[in-house]
Amino acid sequence: MTGEPIYLDYAATTPVDPRVIATMQQCLASDGCFANPASIHIKGRQAAAVAGQARKQMAELLNTSAERIIWTSGATESNNLAIQGAAKARAHRGRHLITMPTEHKAVVDTFRALGKEGYEISWLEPDSRGLLPLDTLAATIREDTQLVSVMHVNNETGVIQDIRSIGSLCRQKGVLFHTDAAQSVAKLDIDLSTLPVDLLSLTAHKFYGPQGIGAVYIADMTSGGISPIMFGGGQERRLRPGTLPVHLVAGAGMAAAIARQEMAANARHVETMRDRLWAGISDMAGLTRNSPVDTAFAGILNVSAEGVEGESLMLGMEPVCVASGSACNSTSGESSYVLRALGRDDRLAQSAVRFSFGHTTTGKEIDVAIGRYRRAIDRLRAISPASASVS
Ligand SMILES: *Cc1c(COP(=O)(O)O)cnc(C)c1O
């Protein structure tokens, strides 16, 4: 009755590319590169070569050098390492840090934890589209400011921050700049040879790689130094100890290499899908497009609908898989803190649905999603006076 699942939740995670699976299978095979790449015997050296190749592929995607890539378990850990590591390494110079309330939880909660440890955090409010006003940033940076962290593409709305201008301002003022690029790496062109970014977080499963592997890019390994937050065997330049998971690293490298070839075509495709979806629903009454029309990554479309509740809407749309607000908040029952920071009231934030698209999304899937969305809203609104007073 409900039919095959239609997956429109690529911002939460993506299916693993078959070419990535093949690479990982080779690694995991008993005659593959299963050995510990830190071992100096022949099998270890083979594994190290595979891991080295993957590091090069990741670096090439970002147009930087391989030694600036530190593997982690994903963007959550990368954010923790970059932010805590920078704050701690520079604590003797000052303890003022700057970020925004619209960041991913992995950034917001890392700064909150630092706040409890005696750091002073400035939370800069976005404009109505979600962008950081540069003059606000300029006015907030002080003598003792050590780090600014502003994400590249927002995971709920897709808004793209002007990280080139933000980074330039930080460079002028001698402040480190970190960006959480989990949603933009392999989707938007990122050239770290010219982009003034000191620290950048990424995660492979947002671009058709495996879950559990990510990286932090560190522009300056010497003076820009960050402190480790874990201790152990000294791997990854002593910044992220632990045995390297070679099959995951190889998968992430392959995903990066594929993205480098196919990024432009994928970008055009998701834009076509997004525009088709919006064209199919935008005539409905009471819709608010939370993703800005310009300055947004086309792979994400976030829409609120008056008189309905997001979770009911999501369930009413089955088997179309979308996110209500953010998947990371979806068990808390709270409305999205990102949308509220953009000035949406609680009810409108509650009704938000995030559609997100990938290179495997088809026009037919979009058409089914349009139909389900419209029908679910009509049904919920028909019972809305009662449900409004009950909830
Ligand atoms: C997905 C995501 C993360 C977390 O990535 P993990 O791989 O789950 O650690 C962090 N920041 C943003 C913006 C994300 O979209």
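Just so it is clear, none of the values below were taken in a lab; they were calculated from the coordinates. Model, not experiment: these values are computed from the prediction. When we count neighbours, we look across all protein chains shown, and the Cβ atoms used for this are built from the backbone with ideal geometry, even at glycine.
Of note:
- The trypsin sites (Lys or Arg not before Pro) of the stretch 133-176 that meet both conditions, a loop assignment by DSSP and at most 14 other Cβ atoms within 10 Å of the site Cβ, are 142.
- Shape index of the chain: Rg/Rh, with Rg the Cα radius of gyration and Rh the Kirkwood radius from the inverse mean 1/r over Cα pairs, equals 0.99.
- Nearest 10 degrees, 0 to 90: helix 163-173 Cα axis against the chain principal axis: 50 degrees
- Fully extending the segment from residue 383 to residue 92 would add 98.8 nm, taking 0.36 nm per residue of separation and subtracting the current Cα-Cα distance.
- Cα-based helix-to-principal-axis angle, 75-89 vs the chain, degrees rounded to 10: 50 degrees
- Taking the chain and dividing mean pair separation by its residue count, relative contact order in percent (alpha carbons under 8 Å, at least six apart): 23 percent
- Among the listed pairs 56/364; 43/187; 56/105; 105/187; 43/206; 88/187, those beyond 26 Å (Cα-Cα): 56/364; 43/187; 56/105; 43/206; 88/187
- Here the stretch 1-148 was treated as a single set of alpha-carbon atoms; its pair distances binned every 10 Å from 0 give 9, 24, 27, 22, 15, 3, 0 percent.
- Helix 363-382 and the longest principal axis of the C-alpha atoms of the chain enclose an angle of approximately 50°.
- Seen from residue 207, the other residues with C-beta closer than 13 Å to its C-beta sum to a net charge of +2, counting Lys and Arg as +1 and Asp and Glu as -1.
- Estimated 222 nm signal from helices in the chain, with DSSP H stretches of n ≥ 4 weighted -39500 (n - 2.57), rounded to 500: -12500 deg cm²/dmol
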